[in-house]
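Step one of this worksheet: look at the structure below.
The values are calculated or read from the model by the stated rules, or taken from the named source; none is laboratory data. None of these values were measured; they are calculated from a predicted model. Heads up, the Cβs are rebuilt from the backbone with ideal geometry, glycines too, and the neighbour counts pull from every protein chain shown.
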Amino acid sequence: MPRLTPLEIQKHEFSRKRWNGFDPVEVESFLTMVAEDMEELARTNSELEGRGRHLKEENEEHRERERTLKATLLTAQRTSDDIRAAAQKEAERIVEEAQEAGERLTHSALQRSAEIEKAIHELKIQRANFRLQLQKMLELFQQVLEFDREEDEKDRPLSYLTRKADKEGGVR
């Protein structure tokens with residue numbers, strides 16, 4: 001900051017010498033010119049100080065925005081990482097549940113298959129037993145028919161003889 005203000009320079013008065021002194025008009029003109037320059041410099045300086053303050057404030061605002069953006073980006077990155085990790089865990093859980101369900105279904109299907117195979121085996125045994133029983137029954141029927149045929153053949157001569165004897169002897 002200047003030691004003298006433009007007003008002080010304008011008001012300054014030189015002492016006058018009688019001999020070898022300065023020309024008062026010239027000194028006065030010079031002082032006016034210096035005062036105007038200093039006034040212009042002071043005005044420019046004041047404007048520059050104002051612009052400097054404004055730029056500092058603006059720079060601080062930009063720095064604050066930058067800090068906020070960095071914090072926001074960091075938070076977004078952390079959130080993204082958290083979401084990604086949670087999604088990964090969820091995917092692993094879903095895969096694990098699907099594998100467990102698949103294993104349960106496979107186990108159930110194998111059990112059911114074993115039950116069906118057992119039932120088929122039992123039905124085959126029942127069919128074989130039925131076939132055996134049917135075969136025995138057919139053999140028994142065959143034997144009964146054979147026996148009946150034999151009995152029929154035995155009875156024919158008797159009845160023939162009996163009728164013949166009736167016809168011949170009249171005995172009945």
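If you go through the range 137-172 one residue at a time, how many are modelled with pLDDT of 60 or more and aromatic (Phe, Trp, Tyr)?
2
Just to verify a result, which residue in the range 11-60, among those that are of a type in the set (Val, Ile, Thr) and free of Cβ contacts under 8 Å to residues at least 12 places away in the same chain, is surrounded by the most Cβ atoms within 10 Å (Cβ to Cβ)?
THR44
So is ARG65 of a type outside the set (S, T, N, Q) and either more than 30 Å from LEU7 (Cβ to Cβ) or modelled with pLDDT of 95 or more (or both) or not?
Answer is yes for this residue.
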